[in-house]
1. Step by step: first the residues of region 1-20, then only those that are surrounded by 15 or more Cβ atoms within 10 Å (Cβ to Cβ) and closer than 14 Å to residue 84 by Cα, then the one that is modelled with the lowest pLDDT. Which residue is that?
2. Checking residue 102 against (1) touching a residue at least 24 places away in the same chain (Cβ under 8 Å); (2) under 14 Å from the mean Cα position of the chain (by Cα); (3) closer than 16 Å to residue 217 by Cβ: exactly one of these is not met. Which one?
3. Could you tell me which of the residues 37, 60, 88, 72 is closer than 26 Å to residue 109 by Cβ, in contact with a strand residue (DSSP E or B) (Cβ under 8 Å, 6 or more places away or on another chain) and either assigned to a helix (DSSP H, G or I) or in contact (Cβ under 8 Å) with a residue 12 or more places away in the chain (or both)?
4. Condition test on residue 276, is it farther than 16 Å from residue 201 by Cα, touching a residue at least 12 places away in the same chain (Cβ under 8 Å) and either away from the ligand (no atom under 16 Å from the Cβ) or in a helix (DSSP H, G or I) (or both)?
5. Could you go through region 92-99 and let me know if any residue there is surrounded by 18 or more Cβ atoms within 10 Å (Cβ to Cβ), more than 21 Å from residue 40 (Cα to Cα) and away from the ligand (no atom under 16 Å from the Cβ).
6. Does residue 45 count as over 20 Å from residue 194 (Cα atoms) and within 16 Å of the ligand (Cβ to nearest atom)?
7. Restricting attention to region 228-264, which residues are more than 16 Å from residue 141 (Cβ to Cβ) and within 16 Å of the ligand (Cβ to nearest atom)?
Ligand code: PDD
């Protein structure tokens, strides 16, 4: 249902909070919520195109992985999640949306670190208008800076522990860039909100899925497409020196797809004629990805 947020005059979507559907501006949680106090929770984000969540099952699988990783039972079965999502997406004022799901370990009546024995999790979901990359970003690529990866040791879980990502993103913005590329102990881990691929001598290089990076749903698609089209690729640790001498750098995420990173720390990525421009392997992957997207959108809703 479309509601007007009267202070801003902008349409407001309905959100879901612990079983209720209500306008986002009216949603309230306790200040003792463990998500607020300890970042004790997990989340998911996915795009919705023409009111169709993009690869919802892959995101719900990852939500389950994240919940299991922090020892929090999933509060909903898959059908119940899908029902919540369906209602929010159908009632939103926009056809293309960004869908956010979050589960925390709930609000106790005191501040105490161990798991509380009988606390209900807090379940929150909302949709916002989808922000897509501009035509210029697609055509010319984006700028990135490198940042020391100071995150904790379970980056494979999509937790609310995002302060290092926030600081990394701000470093990118301060440098007039769109993404921060995280480096840990001399090796590429991922972007502050994306996975990173490197191309060298025509070979697509991807870091392995381990505790150092989020297992991206788009990362999986890109590698599936590389296999399907027999593009040369290797999954292995990528040293900082390889990142800095790459022919191409890509950033992948479900909301923005595959984007070229064309400057790194103010220097053009690539060599010769191609320096500072999206490369040929990238263009090929974008074509495959666009075909995959069209195929997905034309299939029946699961
Ligand atoms: N995050 N790595 C990190 C650290 C991320 O935050 C994201 C996406 C990805 C890419 O995952 P996927 O391909 O499934 O979108 C990788 C979303 C956009 C976010 O937190 O807002």
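The values are calculated or read from the model by the stated rules, or taken from the named source; none is laboratory data. Keep in mind it's a predicted model, so treat the numbers as computed, not measured. Glycine gets a Cβ as well: all are built from the backbone with ideal geometry, and neighbour counts include every protein chain shown.
1. Initially, region 1-20 is screened for residues surrounded by 15 or more Cβ atoms within 10 Å (Cβ to Cβ), giving 3, 12-17.
If we keep only those that are closer than 14 Å to residue 84 by Cα as well, we get 13-17.
Working: 13: 83, 14: 91, 15: 98, 16: 98, 17: 98.
Among them, the one singled out is 13.
2. With (1) touching a residue at least 24 places away in the same chain (Cβ under 8 Å); (2) under 14 Å from the mean Cα position of the chain (by Cα); (3) closer than 16 Å to residue 217 by Cβ applied to residue 102, the lone miss is (3).
3. Numbers: 37 fails: in contact with a strand residue (DSSP E or B) (Cβ under 8 Å, 6 or more places away or on another chain); 60 fails: closer than 26 Å to residue 109 by Cβ; 88 fails: closer than 26 Å to residue 109 by Cβ.
Result of the check over 37, 60, 88, 72: 72.
4. On the way: farther than 16 Å from residue 201 by Cα: yes; touching a residue at least 12 places away in the same chain (Cβ under 8 Å): yes; either away from the ligand (no atom under 16 Å from the Cβ) or in a helix (DSSP H, G or I) (or both): yes.
Answer is yes for this residue.
5. Scanning region 92-99 turns up at least one residue that is surrounded by 18 or more Cβ atoms within 10 Å (Cβ to Cβ), more than 21 Å from residue 40 (Cα to Cα) and away from the ligand (no atom under 16 Å from the Cβ).
6. On the way: over 20 Å from residue 194 (Cα atoms): no; within 16 Å of the ligand (Cβ to nearest atom): yes.
Against the criterion (over 20 Å from residue 194 (Cα atoms) and within 16 Å of the ligand (Cβ to nearest atom)), residue 45 does not qualify.
7. Applying the first criterion (more than 16 Å from residue 141 (Cβ to Cβ)) to region 228-264 yields 228-242, 244-245, 254-255.
If the condition is that a residue be more than 16 Å from residue 141 (Cβ to Cβ) and within 16 Å of the ligand (Cβ to nearest atom), then 235, 238, 254, 255 are the ones that fit.
Each row is one residue, and each column tells you yes or no for (1) within 20 Å of residue 132 (Cβ to Cβ); (2) in contact with a strand residue (DSSP E or B) (Cβ under 9 Å, 6 or more places away or on another chain); (3) modelled with pLDDT under 95; (4) surrounded by 15 or more Cβ atoms within 10 Å (Cβ to Cβ).
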residue	(1), (2), (3), (4)
259	yes, yes, no, yes
264	no, yes, no, yes
267	no, no, no, no
278	yes, yes, no, yes
297	yes, yes, yes, no
